[in-house]
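Working notes, beginning with the structure itself.
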């Protein structure tokens with residue numbers, strides 16, 4: 001099937017029936033316009049990340065920016081929010097697959113963040129079919145029939161839609177403008193915005209977005225400038241777009257108020273993206289011999305550096321009249337085990353109770369079955385109020401809290417094996433096209449897989465990478481465990497009636513990503529290049 005492409009635009013992905021409507025001439029013209037205007041800045045910002053990392057590797061520690069002190073000390077607020085974004089007590093997230101979209105919309109959550117990023121394998125069909133699915137869902141035309149004949153359709157009352165495009169580091173290799181790859185985030189945003197923004201406005205809720213993985217206010221400024229150009233292009237008033245920024249990198253924590261300021265006409269607040277945040281801490285300080293975190297299960301939201309980050313986020317948001325959104329608890333309901341299920345639900349309840357009492361205006365869940373519990377805990381604190389923007393958090397937060405990386409223990413053989421097992425299992429599923437995977441009663445996505453391989457890498461290279469029995473974690477220890485855990489993963493997958501074809505490759509990739517001397521910045525980058 002041929003497309004009517006704007007000058008300079010090439011599409012190398014397959015064009016299946018229905019794709020031509022999404023990949024229209026006019027939609028791709030917006031992609032090309034944004035690419036030509038902003039790609040050089042995207043590349044400059046990615047190079048700035050590399051330069052900053054080199055300084056941190058050489059011993060520089062992050063701190064507040066002196067040049068933006070006037071913003072932190074200034075008297076300003078973000079622009080008023082539309083009514084649809086005032087009540088976000090529970091938000092559910094998930095990839096852009098039809099059944100998951102319908103279930104999330106119908107879940108009873110106030111808001112639904114549909115995801116082109118961490119919970120979605122970004123192969124061509126997932127990205128474009130996801131766009132088709134959202135086009136239909138926004139117009140209440142999306143339905144799905146399962147293999148068992150079960151029918152899924154949208155309820156009359158559905159959650160408010162927010163959309164997460166890919167981060168700045170990811171390309172869309174199947175779309176070229178003037179011979180250059182388009183940024184994945186620019187592509188995702190431009191296509192979904194062009195086709196749906198006016199329809200969303202007509203239906204009273206949108207266009208709203210979530211912005212991932214930023215490391216500085218200059219990266220937020222780039223998004224803001226893209227929003228300005230896109231709104232002008234389609235004839236919408238400035239400030240129509242609203243976007244929530246995920247604070248999921250340690251460097252962004254030092255620029256939270258600046259990020260709100262850059263997006264102030266388009267801001268819908270900040271979210272505490274806890275799993276990527278932990279990954280970011282490991283990545284940024286990977287060469288610091290004094291830095292070595294305990295195994296993942298010990299790094300809760302109540303350890304000092306995570307608690308300081310969360311409270312500071314609420315403080316920054318409410319100071320500036322912005323929503324503060326709590327992050328994801330990865331726990332999910334457990335079928336056929338009432339005792340384990342009750343423990344998991346208690347963990348969710350504890351997580352949301354803490355966030356609500358700390359001042360967050362809502363929090364994330366990964367499964368429709370958890371919406372009632374999360375909602376109940378926020379309603380206990382909020383009552384009939386849609387939010388608690390008026391609640392101010394006292395205290396001074398900064399490097400003393402955010403760089404106090406504790407605990408360093410325990411690191412156990414079971415924890416090491418769990419990281420290997422989860423990493424292989426997730427990678428095998430990702431390679432098969434599924435980026436949101438329940439593993440060991442937790443909902444895993446790219447962020448939690450990044451933690452798994454990063455911790456193994458760190459424990460091997462760090463002198464503090466010692467098991468609780470005194471053994472040093474080494475390459476010679478880890479490599480046989482990879483082979484052993486691969487067998488366990490394949491047995492689990494086979495018992496679930498799924499294909500194991502991708503898991504041998506996943507184990508090879510995990511070995512390479514966790515045991516190579518030079519730390520790979522993102523797991524998804526080489527994986528994407530290997531993908532068709």
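Some points to look at:
- Test: residue in segment 81-97 that is crowded, with 19+ Cβ neighbours inside 10 Å, part of a helix (DSSP H, G or I) and over 21 Å from the mean Cα position of the chain (by Cα): yes
- The single condition among (1) touching a strand residue (DSSP E or B) at 6+ places or on another chain (Cβ under 9 Å); (2) modelled with pLDDT under 95 that residue 246 does not satisfy is (2).
- Residue match in segment 447-455 (condition: within 30 Å of residue 123 (Cα to Cα), modelled with pLDDT under 95 and touching a strand residue (DSSP E or B) at 6+ places or on another chain (Cβ under 6 Å)): no
- For first residues located in segment 493-514 and closer than 13 Å to residue 421 by Cα, partners that are in a loop (DSSP other than H, G, I, E, B) and lie 6+ apart or on another chain with Cβ distances below 6 Å form the pairs 493/500.
- Qualifying residue in segment 142-155 (condition: within 30 Å of residue 79 (Cα to Cα) and either out of contact with any helix residue (DSSP H, G or I) (no Cβ under 6 Å at 6 or more places or on another chain) or at pLDDT below 95 (or both)): no
- Note on segment 54-80: among residues that are outside any helix (DSSP H, G or I) and more than 26 Å from the chain's Cα centre (by Cα), the one that is farthest from residue 382 (Cα to Cα) is 58.
Here is a yes/no grid of residues against (1) in the same structural domain as residue 289 (by TED's automatic domain parsing); (2) surrounded by 13 or more Cβ atoms within 10 Å (Cβ to Cβ); (3) under 22 Å from residue 288 (Cα atoms):
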position: 15; (1), (2), (3): yes, yes, no
position: 20; (1), (2), (3): yes, yes, no
position: 31; (1), (2), (3): yes, yes, no
position: 44; (1), (2), (3): yes, no, no
position: 56; (1), (2), (3): yes, yes, yes
position: 59; (1), (2), (3): yes, no, yes
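- Test: residue in segment 67-82 that is on the phi > 0 side of the Ramachandran plot and not assigned by TED's automatic domain parsing to the domain that holds residue 445: no
- Test: residue in segment 62-70 that is surrounded by 16 or more Cβ atoms within 10 Å (Cβ to Cβ) and touching a strand residue (DSSP E or B) at 6+ places or on another chain (Cβ under 8 Å): no
- Scan of segment 31-67 for residues that are touching a residue at least 60 places away in the same chain (Cβ under 8 Å) and closer than 18 Å to residue 259 by Cβ, ordered by number: 38, 41, 42, 45, 46, 48, 49, 52, 62, 63, 64, 65
- Cβ-Cβ under 6 Å pairs, at least 6 apart or on other chains, segment 162-174 side without any contact (Cβ under 8 Å) to a residue 24 or more places away in the chain, far side crowded, with 24+ Cβ neighbours inside 10 Å: none
- Only one of the numbered conditions (1) surrounded by fewer than 23 Cβ atoms within 10 Å (Cβ to Cβ); (2) over 24 Å from residue 240 (Cβ atoms); (3) touching a helix residue (DSSP H, G or I) at 6+ places or on another chain (Cβ under 6 Å) is violated by residue 175, and that is (1).
- Scanning segment 358-396 for residues that are more than 24 Å from the chain's Cα centre (by Cα) and in a helix (DSSP H, G or I) yields a total of 5.
- Matching entry among 194, 189 (being in contact with a helix residue (DSSP H, G or I) (Cβ under 6 Å, 6 or more places away or on another chain) and either under 22 Å from residue 238 (Cβ atoms) or part of a loop (DSSP other than H, G, I, E, B) (or both)): 194
- Residue that is nearest to residue 87 (Cα to Cα), among those in segment 242-263 that are in contact (Cβ under 8 Å) with a residue 60 or more places away in the chain and part of a helix (DSSP H, G or I): 260
- Unique match (being in a loop (DSSP other than H, G, I, E, B) and surrounded by fewer than 23 Cβ atoms within 10 Å (Cβ to Cβ)) among 336, 341: 336
- Subset of segment 123-153 [in a loop (DSSP other than H, G, I, E, B), surrounded by 18 or more Cβ atoms within 10 Å (Cβ to Cβ) and free of Cβ contacts under 8 Å to residues at least 60 places away in the same chain]: 142
- Flag not set for residue 239, criterion: in contact (Cβ under 8 Å) with a residue 60 or more places away in the chain, assigned to a loop (DSSP other than H, G, I, E, B) and surrounded by 24 or more Cβ atoms within 10 Å (Cβ to Cβ).
So that you can scan it fast, the table gives a plain yes or no per residue for (1) under 19 Å from the mean Cα position of the chain (by Cα); (2) closer than 21 Å to residue 349 by Cβ; (3) surrounded by 20 or more Cβ atoms within 10 Å (Cβ to Cβ):
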site: 276; (1), (2), (3): yes, no, yes
site: 280; (1), (2), (3): yes, no, yes
site: 300; (1), (2), (3): yes, yes, no
site: 303; (1), (2), (3): no, yes, no
site: 319; (1), (2), (3): no, no, no
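- Qualifying residue in segment 512-525 (condition: surrounded by 17 or more Cβ atoms within 10 Å (Cβ to Cβ), more than 22 Å from residue 167 (Cβ to Cβ) and outside the structural domain of residue 290 (by TED's automatic domain parsing)): yes
The values are calculated or read from the model by the stated rules, or taken from the named source; none is laboratory data. Note that the coordinates shown come from a computational prediction; the quantities given were computed from them, not determined experimentally. Heads up, the Cβs are rebuilt from the backbone with ideal geometry, glycines too, and the neighbour counts pull from every protein chain shown.
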